[in-house]
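Report on the following structure.
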Amino acid sequence: VGAVPTARGHRTLRLHGPPQHPHQSQGPVEATIGVDRGIFAANKLALEIAIGRTLPLGHIVWSWLARHIGWLITCFNTALDGLAPYQRLFGRPYSGPICKFGEHVRYKREGRLSGRVEARWDLGVWLGKQLTTDEHILGTPSGAHGSRSIERMPAEQGFSYDAVARIEGAPLSSHLIV
(Lines give C-alpha, C1' and ligand atoms only; values in the text may rest on other atoms or scores of the structure.)
Protein backbone atom coordinates (compact mmCIF):
# COMPACT_ATOMS: atom_id res chain seq x y z
CA VAL A 1 0.00 0.00 0.00
CA GLY A 2 2.85 2.33 0.69
CA ALA A 3 4.53 4.32 3.41
CA VAL A 4 2.73 6.95 5.46
CA PRO A 5 4.81 9.51 7.36
CA THR A 6 3.99 9.79 11.06
CA ALA A 7 3.29 13.02 12.91
CA ARG A 8 6.91 13.36 14.02
CA GLY A 9 8.16 12.83 10.50
CA HIS A 10 11.15 10.65 11.36
CA ARG A 11 9.40 7.27 11.40
CA THR A 12 7.40 5.65 8.68
CA LEU A 13 4.26 3.65 9.28
CA ARG A 14 3.77 0.90 6.75
CA LEU A 15 0.19 -0.10 6.01
CA HIS A 16 -0.46 -3.60 4.79
CA GLY A 17 -3.46 -4.50 2.68
CA PRO A 18 -5.40 -7.72 2.94
CA PRO A 19 -3.60 -10.95 2.03
CA GLN A 20 -3.40 -11.53 -1.70
CA HIS A 21 -4.54 -15.14 -1.32
CA PRO A 22 -7.59 -15.96 0.84
CA HIS A 23 -5.92 -18.94 2.52
CA GLN A 24 -3.31 -16.62 4.08
CA SER A 25 -5.92 -15.05 6.36
CA GLN A 26 -7.28 -18.45 7.41
CA GLY A 27 -4.29 -19.55 9.52
CA PRO A 28 -5.97 -19.57 12.96
CA VAL A 29 -9.18 -21.05 11.56
CA GLU A 30 -7.33 -23.83 9.75
CA ALA A 31 -5.28 -24.57 12.87
CA THR A 32 -8.47 -24.91 14.94
CA ILE A 33 -10.06 -27.17 12.34
CA GLY A 34 -6.93 -29.32 12.38
CA VAL A 35 -7.08 -29.69 16.16
CA ASP A 36 -10.80 -30.51 16.05
CA ARG A 37 -10.22 -33.14 13.36
CA GLY A 38 -7.50 -34.69 15.49
CA ILE A 39 -9.77 -34.87 18.55
CA PHE A 40 -12.56 -36.35 16.42
CA ALA A 41 -10.23 -38.95 14.86
CA ALA A 42 -8.82 -39.98 18.26
CA ASN A 43 -12.30 -40.41 19.78
CA LYS A 44 -13.60 -42.24 16.68
CA LEU A 45 -10.67 -44.66 16.82
CA ALA A 46 -11.11 -45.18 20.58
CA LEU A 47 -14.79 -46.06 20.12
CA GLU A 48 -14.13 -48.41 17.21
CA ILE A 49 -11.41 -50.20 19.19
CA ALA A 50 -13.72 -50.47 22.21
CA ILE A 51 -16.62 -51.96 20.21
CA GLY A 52 -14.32 -54.13 18.09
CA ARG A 53 -15.63 -52.94 14.71
CA THR A 54 -15.80 -49.92 12.45
CA LEU A 55 -18.98 -48.03 11.70
CA PRO A 56 -19.76 -46.36 8.37
CA LEU A 57 -19.03 -42.62 8.22
CA GLY A 58 -22.72 -41.95 7.60
CA HIS A 59 -23.75 -43.49 10.93
CA ILE A 60 -25.60 -41.14 13.27
CA VAL A 61 -23.14 -41.73 16.13
CA TRP A 62 -20.54 -39.58 14.31
CA SER A 63 -22.92 -36.58 14.37
CA TRP A 64 -23.19 -37.04 18.11
CA LEU A 65 -19.40 -37.32 18.37
CA ALA A 66 -18.96 -34.01 16.52
CA ARG A 67 -21.38 -32.39 19.00
CA HIS A 68 -19.56 -34.00 21.93
CA ILE A 69 -16.20 -32.67 20.69
CA GLY A 70 -17.65 -29.16 20.81
CA TRP A 71 -18.80 -29.77 24.38
CA LEU A 72 -15.34 -31.09 25.37
CA ILE A 73 -13.65 -28.03 23.90
CA THR A 74 -16.09 -25.72 25.68
CA CYS A 75 -15.55 -27.41 29.03
CA PHE A 76 -11.87 -28.29 28.99
CA ASN A 77 -9.84 -26.52 26.27
CA THR A 78 -7.98 -23.71 28.01
CA ALA A 79 -6.92 -20.51 26.30
CA LEU A 80 -3.76 -18.49 26.92
CA ASP A 81 -5.26 -17.07 30.12
CA GLY A 82 -5.65 -20.61 31.51
CA LEU A 83 -9.46 -20.54 31.43
CA ALA A 84 -11.81 -22.77 29.45
CA PRO A 85 -14.90 -21.16 27.88
CA TYR A 86 -17.07 -23.00 30.43
CA GLN A 87 -15.15 -21.39 33.29
CA ARG A 88 -15.52 -17.93 31.74
CA LEU A 89 -19.25 -18.53 31.32
CA PHE A 90 -20.05 -20.04 34.73
CA GLY A 91 -17.19 -18.71 36.89
CA ARG A 92 -15.84 -22.15 37.82
CA PRO A 93 -14.18 -25.07 36.02
CA TYR A 94 -16.38 -27.96 34.90
CA SER A 95 -16.41 -30.73 37.51
CA GLY A 96 -19.35 -32.99 36.60
CA PRO A 97 -18.97 -36.72 35.99
CA ILE A 98 -18.59 -37.92 32.41
CA CYS A 99 -18.21 -41.28 30.67
CA LYS A 100 -16.29 -42.36 27.63
CA PHE A 101 -18.08 -41.50 24.41
CA GLY A 102 -20.15 -44.47 23.22
CA GLU A 103 -20.04 -46.25 26.58
CA HIS A 104 -22.96 -48.59 27.34
CA VAL A 105 -24.64 -47.36 30.55
CA ARG A 106 -27.83 -47.70 32.56
CA TYR A 107 -29.84 -44.50 32.92
CA LYS A 108 -32.75 -43.52 35.09
CA ARG A 109 -35.81 -42.75 33.01
CA GLU A 110 -37.26 -39.30 33.55
CA GLY A 111 -40.88 -38.52 34.34
CA ARG A 112 -43.64 -40.49 36.00
CA LEU A 113 -43.94 -44.19 35.35
CA SER A 114 -47.26 -45.56 34.17
CA GLY A 115 -47.28 -48.39 36.69
CA ARG A 116 -45.42 -49.90 39.64
CA VAL A 117 -44.09 -52.77 37.56
CA GLU A 118 -42.49 -50.59 34.89
CA ALA A 119 -38.70 -50.48 34.98
CA ARG A 120 -37.23 -47.22 36.22
CA TRP A 121 -33.81 -47.86 34.61
CA ASP A 122 -33.01 -48.53 30.96
CA LEU A 123 -29.90 -49.15 28.83
CA GLY A 124 -28.39 -46.55 26.50
CA VAL A 125 -25.22 -45.36 24.82
CA TRP A 126 -23.56 -42.34 26.45
CA LEU A 127 -23.37 -39.55 23.83
CA GLY A 128 -22.39 -36.56 25.95
CA LYS A 129 -23.92 -33.97 28.23
CA GLN A 130 -26.16 -30.92 27.99
CA LEU A 131 -24.23 -27.72 28.63
CA THR A 132 -27.12 -25.87 30.23
CA THR A 133 -28.67 -28.60 32.42
CA ASP A 134 -25.69 -30.97 32.82
CA GLU A 135 -27.97 -33.90 31.89
CA HIS A 136 -26.42 -36.99 30.35
CA ILE A 137 -27.49 -37.65 26.75
CA LEU A 138 -28.19 -41.30 25.96
CA GLY A 139 -28.72 -42.85 22.55
CA THR A 140 -31.24 -45.66 22.19
CA PRO A 141 -33.15 -47.34 19.34
CA SER A 142 -36.07 -45.00 20.16
CA GLY A 143 -33.97 -41.82 19.94
CA ALA A 144 -31.96 -39.64 22.30
CA HIS A 145 -32.96 -39.28 25.94
CA GLY A 146 -31.75 -37.09 28.76
CA SER A 147 -31.15 -38.27 32.31
CA ARG A 148 -29.70 -36.80 35.48
CA SER A 149 -28.67 -40.25 36.79
CA ILE A 150 -26.59 -42.95 35.15
CA GLU A 151 -24.78 -46.09 36.27
CA ARG A 152 -21.73 -47.40 34.47
CA MET A 153 -21.68 -51.05 33.46
CA PRO A 154 -18.95 -53.50 34.55
CA ALA A 155 -15.81 -53.14 32.40
CA GLU A 156 -16.56 -56.24 30.31
CA GLN A 157 -20.00 -54.82 29.42
CA GLY A 158 -18.85 -51.21 29.02
CA PHE A 159 -19.10 -51.10 25.22
CA SER A 160 -21.48 -52.80 22.82
CA TYR A 161 -21.33 -52.70 19.05
CA ASP A 162 -25.00 -53.68 18.82
CA ALA A 163 -26.10 -50.87 21.15
CA VAL A 164 -24.09 -48.26 19.24
CA ALA A 165 -25.22 -49.55 15.83
CA ARG A 166 -28.92 -49.33 16.83
CA ILE A 167 -29.05 -45.76 18.14
CA GLU A 168 -31.44 -43.39 16.37
CA GLY A 169 -32.00 -39.64 16.36
CA ALA A 170 -29.61 -36.95 15.17
CA PRO A 171 -28.51 -34.13 17.50
CA LEU A 172 -30.47 -31.50 15.56
CA SER A 173 -33.60 -33.62 15.16
CA SER A 174 -33.69 -34.72 18.78
CA HIS A 175 -36.46 -33.62 21.13
CA LEU A 176 -33.69 -32.61 23.51
CA ILE A 177 -32.31 -29.11 23.33
CA VAL A 178 -28.75 -30.04 22.47
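The values are calculated or read from the model by the stated rules, or taken from the named source; none is laboratory data. Remember, it's a predicted structure, so these values are computed and weren't measured experimentally. FYI the Cβ positions are ideal-geometry reconstructions off the backbone, even for glycines, and counts take in every protein chain you see. Note: accessible area is taken over every heavy atom of the protein model, side chains too, but ligands, DNA and RNA are not part of it. Shrake-Rupley method; radii C 1.70, N 1.55, O 1.52, S 1.80 Å.
Between residue 88 and residue 53, the simple label model (points 7 Å from Cα in the Cβ direction) yields a spacing of 4.3 nm.
Summing Lys, Arg as +1 and Asp, Glu as -1, what charge do residues with Cβ under 14 Å from the Cβ of residue 49 carry, residue 49 excluded?
The answer is +1.
Taking only the Cα atoms of segment 65-169, the radius of gyration and Dmax are 15.4, 54 Å.
Summing +1 for each Lys or Arg and -1 for each Asp or Glu among the other residues whose beta-carbon sits under 9 angstrom from that of residue 141 gives 0. With the whole protein complex present, residue 156 retains an accessible surface near 150 Å², based on a 1.4 Å probe. Around the amide H of residue 144, modelled in the peptide plane, lie the amide H atoms of 175, all under 5 Å away and 5 or more residues distant in sequence or on another chain. Taking 0.36 nm per residue of separation and subtracting the Cα-Cα distance, full extension of the segment from residue 151 to residue 122 would add 9.4 nm. When the alpha-carbon atoms of segment 29-113 are used, the pair Rg, Dmax equals 15.5, 49 angstrom. Summing Lys, Arg as +1 and Asp, Glu as -1, what charge do residues with Cβ under 15 Å from the Cβ of residue 69 carry, residue 69 excluded? Overall, the nearby charge balance is +4.
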